[in-house]
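Below is one structure; the comments refer to it alone.
The values are calculated or read from the model by the stated rules, or taken from the named source; none is laboratory data. These figures come from a predicted structure and were not determined experimentally. Using ideal geometry, Cβ is built from the backbone for each residue, glycine included, and neighbour counts are taken over all protein chains shown.
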Amino acid sequence: MAAALTFLATCDLVGLVRGRAVTNPLDASSNVGWVPADLALSSFGGIWEENPFGSFGDLRLSPVAGANYVLPSGAREMTLVLSQQVLPDGTIWHCDPRAFAMSALADLKSEFDLELVASFEHEFLLEGLTYNGSPFGLDALRAAEPFGSELVELLRQNGMDPENWLAEYGKAQFEITLGATDALTAADRAIVLREFVRDLARKNGLRASFTPIADPASVGNGVHVHLSLSRNGSPITYDPSMPGNLSEIASKAFNGILKHAASLLAFTAPSQISFLRLQPHRWSSGGAFIAVQDREALLRICPLNTVSHTPVEKTFNVEFRAADATSNPWIVIGILARALISGLRDDCTIEKIGASESPLPRTLGEAIISLRKNPEVMSWFPKDLLETHLGIRTVEESALENLSDVEKCERYLHVY
Ligand code: GLU
Ligand code: MG
């Protein structure tokens, strides 16, 4: 029997999935009402009151063709369809986060004839296990059964190409990786993956959390985004004659991410606790540099896999390590694509590959100051979208104002 409900879903500026359910069957013209001010909701439910939309206006959540996924667990099966926010006449709303990614990717294509390929790697915690096991241990993986096998099956059934499932270093910390695909689909899958993990954990009597860090003294949960460029479907990131094996075009493009690193973090790590994770010696991202196989780098040039039969140029990629699950994957892909375009326009290859002393912002406040001094990055956003993103941060900052870092972490742990 088909699911009774279809949830039309968007992902907001704090990385949470929100939407409304319609009754099946869904057809090409199905859509549901939505409110512009919903974009100003914070992680804890409060809204940024000064948002530019106020009580006015109406939107519709309009399903993205082919973006149907099945949530099988919990009390009843439910279909989840990723949706875009459109005006009542069907035109895309200027603040729709998915449209932000689409327009950046379209510009990368039209201006440089390049496609961005991406895959997301997610770390998360499973609360409620009776046994934790050892880091990377078989015992830890077995203790999380049947969750792990069910997750991999669910991802496979939904065409999401699961690659690795592992027990991570932290206590009750796990990681799931998906195969590389076009960057928009990769972002769609990242959004759905988090909901699958949460849903399946609930079904197994567990609670999953993607919080950036559960406790200041613990290990962080990263969202690492693997990136490569292709032209007409052929990979063009790899060139063995160049430093770090990075082709000239890739070097120019990734230079844009390095140049704008401080401002990008205001979007990729936007919670009040994101920067407790982004500190040196945490293997998250210790500085604004690119390096070969270095897990302290903002951009890690991943190893050449010559053991596999797949040609190296197909798997060669660069990993952006400074995102977490309080960010919106569409915004992350959109802003990284914009930074790549910026680097390509500058036309300069990376000066140094290897660890360097260029620090990243140490707080979200510092990242926002960098952003406000960076008219180029600000210009990538529709004004309302940018101001709403920043307004939400002020709501969260005041909501947590008098709390210690430990208490702040607890607040996010309950939401993510
Ligand atoms: N947990 C680390 C982070 O916060 C990443 C560890 C790793 O997988 O390299 O990003
Ligand atoms: Mg990991």
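May I ask you to say which residue of Cys11, Cys95 is modelled with pLDDT of 95 or more and touching a Phe, Trp or Tyr at 6+ places or on another chain (Cβ under 7 Å)?
On the way: Cys95 fails: touching a Phe, Trp or Tyr at 6+ places or on another chain (Cβ under 7 Å).
After applying the criteria, what remains is Cys11.
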Exercise for review: Restrict the check to the stretch 123-139 and report whether at least one residue is within 16 Å of ligand 1 (Cβ to nearest atom), under 17 Å from the mean Cα position of the chain (by Cα), modelled with pLDDT of 95 or more and not aromatic (Phe, Trp, Tyr).
Suggested key: yes
Check your understanding: Does Leu82 meet the test of being out of contact with any Pro (no Cβ under 8 Å at 6 or more places or on another chain), modelled with pLDDT of 95 or more and buried (at least 18 other Cβ atoms within 10 Å of the Cβ)?
Key -> no
**Study point:** Tally of residues being part of a loop (DSSP other than H, G, I, E, B) and crowded, with 19+ Cβ neighbours inside 10 Å across the stretch 39-63
**Key:** 4
Revision key, fill the gap. Of the conditions (1) crowded, with 24+ Cβ neighbours inside 10 Å; (2) closer than 19 Å to Cys409 by Cβ; (3) acidic (Asp, Glu), the single one that Asp215 does not satisfy is (1)
Point to revise | Whichever residue in the stretch 371-412 is more than 16 Å from Asn328 (Cα to Cα) and β-branched (Val, Ile, Thr) and, among such residues, is farthest from the chain's Cα centre (by Cα) | key: Val406
Study note, to complete from the structure: Note on the stretch 282-296: residues more than 20 Å from the chain's Cα centre (by Cα) and either within 16 Å of ligand 2 (Cβ to nearest atom) or free of Cβ contacts under 8 Å to residues at least 24 places away in the same chain (or both) are Gln293, Asp294
Practice item. Check whether at least one residue in the stretch 156-175 is surrounded by 14 or more Cβ atoms within 10 Å (Cβ to Cβ), more than 16 Å from ligand 1 (Cβ to nearest atom) and either among the β-branched types (Val, Ile, Thr) or over 23 Å from Glu77 (Cβ atoms) (or both), and report yes or no. Key: no
Revision key, fill the gap. Scanning the stretch 247-281 residue by residue, the ones that are within 20 Å of Gly220 (Cα to Cα) and within 20 Å of the chain's Cα centre (by Cα) total 18
Point to revise | Single condition Gly354 does not satisfy, out of (1) of a type outside the set (A, V, I, L, M); (2) part of a loop (DSSP other than H, G, I, E, B); (3) touching an Asp or Glu at 6+ places or on another chain (Cβ under 9 Å); (4) at pLDDT 95 or above | key: (4)
**Study point:** Hits in the stretch 129-147 (condition: crowded, with 18+ Cβ neighbours inside 10 Å and within 15 Å of ligand 2 (Cβ to nearest atom))
**Key:** Ala140
**Study point:** In the stretch 195-211, the residues that are in contact with a strand residue (DSSP E or B) (Cβ under 6 Å, 6 or more places away or on another chain), within 16 Å of ligand 1 (Cβ to nearest atom) and not hydrophobic (A, V, I, L, M, F, W, C)
**Key:** Ser209
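Only one residue in Phe316, Phe320 is of a type in the set (Phe, Trp, Tyr), touching a residue at least 24 places away in the same chain (Cβ under 8 Å) and over 21 Å from Gly220 (Cβ atoms), so which one is that?
Details: Phe320 fails: over 21 Å from Gly220 (Cβ atoms).
Going through Phe316, Phe320 in turn, the sole match is Phe316.
Tell me which strands (runs of 3 or more DSSP E) are completely within the stretch 279-328 and hold 3 or more residues being touching a helix residue (DSSP H, G or I) at 6+ places or on another chain (Cβ under 7 Å) and more than 20 Å from Ser251 (Cα to Cα), or say none if there are none. Steps first, please.
Numbers: elements: 287-292, 297-301, 318-323.
Ranges flagged: none.
For Val415, indicate whether it is more than 20 Å from the chain's Cα centre (by Cα), modelled with pLDDT of 95 or more and of a type in the set (A, V, I, L, M, F, W, C). Talk me through it step by step, then tell me what you get.
On the way: more than 20 Å from the chain's Cα centre (by Cα): no; modelled with pLDDT of 95 or more: yes; of a type in the set (A, V, I, L, M, F, W, C): yes.
Judged against the criteria, Val415 is not a match.
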Point to revise | Which listed residue is farther than 22 Å from Gln279 by Cβ, polar (S, T, N, Q) and modelled with pLDDT under 95, from Thr349, Thr315 | key: Thr315
Practice item. Determine, yes or no, whether Ile369 is among the β-branched types (Val, Ile, Thr), touching a helix residue (DSSP H, G or I) at 6+ places or on another chain (Cβ under 9 Å) and free of Cβ contacts under 8 Å to residues at least 60 places away in the same chain. Key: yes
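What tally of residues in the stretch 108-121 results from selecting those that are in contact (Cβ under 8 Å) with a residue 24 or more places away in the chain and either in contact with a helix residue (DSSP H, G or I) (Cβ under 6 Å, 6 or more places away or on another chain) or surrounded by fewer than 17 Cβ atoms within 10 Å (Cβ to Cβ) (or both)?
Filtering the stretch 108-121 down to residues in contact (Cβ under 8 Å) with a residue 24 or more places away in the chain leaves 108, 111-121.
Subsequent filtering for residues that are either in contact with a helix residue (DSSP H, G or I) (Cβ under 6 Å, 6 or more places away or on another chain) or surrounded by fewer than 17 Cβ atoms within 10 Å (Cβ to Cβ) (or both) retains 108, 111-114, 116, 118-120.
So the count comes out to 9.
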Review point. For the subset of the stretch 246-281 comprising residues that are at pLDDT below 95 and away from ligand 2 (no atom under 16 Å from the Cβ), which member is surrounded by the fewest Cβ atoms within 10 Å (Cβ to Cβ)?
Key: Pro280
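Go through Leu105, Leu126 for me and flag whichever is away from ligand 2 (no atom under 16 Å from the Cβ), crowded, with 21+ Cβ neighbours inside 10 Å, within 22 Å of Leu178 (Cβ to Cβ) and touching a residue at least 24 places away in the same chain (Cβ under 8 Å).
The match here is Leu105.
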Check your understanding: How about the stretch 235-278: which of its residues are outside any helix (DSSP H, G or I) and within 16 Å of ligand 1 (Cβ to nearest atom)?
Key -> Ala269, Pro270, Ser271, Ile273, Leu278
Review point. Which condition breaks for Ile236 when tested against (1) within 16 Å of ligand 2 (Cβ to nearest atom); (2) in contact with a Ser or Thr (Cβ under 7 Å, 6 or more places away or on another chain); (3) farther than 20 Å from Arg321 by Cβ?
Key: (1)
